[in-house]
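Note sheet for the following structure.
The values are calculated or read from the model by the stated rules, or taken from the named source; none is laboratory data. The shown structure was predicted, so the numbers you read here are calculated from the model rather than taken from an experiment. Backbone-built Cβ (ideal geometry, glycine too); neighbour counts: all protein chains shown.
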Amino acid sequence: MPAPLPIAAQRVRVKAIRLLLLAPLTLAGGMVHAASPQALLEHYRCYVCHAEQETRTGPAFVDVATRYRGDARAEGSLVPEVRKGTHGSGPWRMPPHPEVSSADARTMVRYILSLRK
């Protein structure tokens, strides 16, 4: 039976294992590789202004889904709006989020459009 690793080596090993397990959620090349749309919404801090069921600074995600339900062009128009911002006026305008990749924006928009009240 091999001798146990010293405490310092055990800590390095644990850190390496954590890094491997968390790697899919890390920021890599400007794009988050997350397992779920909710993780992306959390990472990009969308929940600061939005919630799924309630209106905050921005509309509830279910209200967005209701507004665009049945619109075949919704996904194609909302993905650029996430990245470039909306063209509304006053305090209700959504600022641009260029740090969000097109792929991540598409994942989040698809999830939002799938929500039901």
Problem - Residue among ALA23, ALA35 that alone is closer than 16 Å to THR107 by Cα, at pLDDT below 90 and surrounded by fewer than 11 Cβ atoms within 10 Å (Cβ to Cβ) - result: ALA35
Practice task
Sort out which residues of the stretch 50-70 are assigned to a loop (DSSP other than H, G, I, E, B) and not aliphatic (A, V, I, L, M), and write them in order of number.
Solution key: HIS50, GLU52, GLN53, GLU54, THR55, ARG56, THR57, GLY58, PRO59, ARG69, GLY70
Exercise for the section: Test ARG73 against the criterion of being free of Cβ contacts under 8 Å to residues at least 24 places away in the same chain, loosely packed, with under 14 Cβ neighbours inside 10 Å, closer than 13 Å to ILE112 by Cβ and not β-branched (Val, Ile, Thr), and give yes or no. Expected result: no
